[in-house]
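To start, the structure itself, in structure tokens.
Just so you know, all these numbers are worked out from the coordinates, no wet-lab data involved. This is a predicted model, so every value here is computed, not measured. Heads up, the Cβs are rebuilt from the backbone with ideal geometry, glycines too, and the neighbour counts pull from every protein chain shown.
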Amino acid sequence: MAGAVTEPAVEVRGLTKRFGDRAVLSELDLGIERGEFVALLGRSGSGKSTLLRVLAGLDAEIEGRAAVRGTVSVAFQQPRLLPWRKVWRNVVLGLHRPDANRDLAIRALEEVRLAAHADKWPGTLSGGEAQRLSLARALVREPDLLLLDEPFGALDALTRLAMHRLVEDLWQRHRPAVLLVTHDVDEALLLADRVLVLGEGHIVAEHVLAHPRPRRLADHVDVRTKVLADLGVTDHATA
């Protein structure tokens with residue numbers, strides 16, 4: 001309908017999450033539009049993964065409101081594959097759909113360039129291949145929201161770059177809303193539409209990235225300096 005307002009994929013208002021007497025998240029507000037790619041940065045212990053768990057529906061003991069509209073998939077730093085199931089069976093594991101079969105798995109594996117490994121055991125995959133399998137498993141569910149919890153943290157530098165390109169390509173094809181939790185400032189600048197910095201339990205800074213894709217770090221020198229400052233990193237330190 002013309003003029004209709006589309007509700008955001010994520011709408012968080014006044015979110016507080018406590019562990020005992022400590023509030024890890026405090027009166028946090030966050031909105032993510034449908035199809036938007038958002039990166040979340042913050043120091044260790046700032047609550048990034050806690051927020052992701054709340055949005056994934058893994059932690060409901062909260063104060064405030066955390067609304068996620070539509071389906072959610074998560075890809076973690078560790079792929080969490082079942083070693084006793086073939087690669088293709090890992091893709092459709094727990095997928096309650098009539099077409100949750102080998103053909104569906106193969107189509108998902110083709111997108112991450114793993115179709116040739118469909119009948120192999122997960123233990124035979126490299127670290128990068130295992131993460132690609134994790135992405136296939138997440139995207140085969142056609143999520144409205146894709147949560148990425150430091151999925152490239154355990155990969156070597158070259159594999160990380162290849163995964164960046166793959167994730168960006170998959171996002172542009174499927175267009176879920178994405179929340180990427182990361183410690184890597186450059187990764188956030190290359191992939192996201194917006195970069196958020198979490199501190200003191202709430203969002204302390206927001207940076208919108210307007211440069212067209214594909215991105216170059218040279219396009220974001222000024223923003224990078226600001227993000228590092230938001231994280232308390234001086235000009236003479238490295239991220």
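Here are the numbers for this structure:
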{"item": "Two-site FRET efficiency, residue 65 against residue 97, from Cβ-Cβ distance with R₀ of 22 Å, rounded to 0.05", "result": "0.15"}
{"item": "Full-stretch length increase - residue 162, residue 126 - with 0.36 nm per residue and alpha-carbon distance subtracted", "result": "11.6 nm"}
{"item": "Cα-only Debye scattering, region 79-142: base-10 log of I(q)/I(0) at q = 0.19, 0.23 Å⁻¹", "result": "-0.57, -0.85"}
{"item": "Structure-derived mean projected area of the Cα convex hull in nm²: which label, when the choices are (1) 13.9; (2) 15.0; (3) 18.5", "result": "(2)"}
{"item": "Spacing of the two label points (7 Å from each Cα toward its C-beta) at residue 16 and residue 115, in nm", "result": "5.3"}
{"item": "Low-density loop cleavage sites - trypsin sites (Lys or Arg not before Pro) in region 17-66, where at most 15 other Cβ are within 10 Å (DSSP)", "result": "43"}
{"item": "Environment charge of residue 201, counting only residues whose C-beta is closer than 9 Å and scoring Lys/Arg +1, Asp/Glu -1", "result": "-1"}
{"item": "Cα centroid separation - region 200-229 against region 91-140, whole Å", "result": "33"}
{"item": "Acute angle (nearest 10 degrees) that the helix 102-111 long axis makes with the longest principal axis of the chain, alpha-carbon atoms", "result": "50"}
{"item": "Charge dipole of the chain about the Cα centre (unit charges at C-beta), most positive-ward option of 135, 71, 98", "result": "98"}
{"item": "Test item: Cα-centred dipole of the chain, Lys/Arg +1 and Asp/Glu -1 on Cβ, debye", "result": "840"}
{"item": "Neighbour count of at most 16 Cβ within 10 Å plus DSSP loop: longest GluC sites (Glu not before Pro)-free window in the chain", "result": "62-199"}
{"item": "Theoretical FRET efficiency, 1/(1+(r/R0)^6), r = Cβ-Cβ of residue 27 and residue 6, R0 22 Å, to 0.05", "result": "0.25"}
{"item": "Extension gain from residue 78 to residue 233, taking 0.36 nm per residue of separation minus the Cα-Cα distance", "result": "53.0 nm"}
{"item": "With Cα atoms, 0 to 90° folded angle of helix 221-230 axis to the chain main axis", "result": "70"}
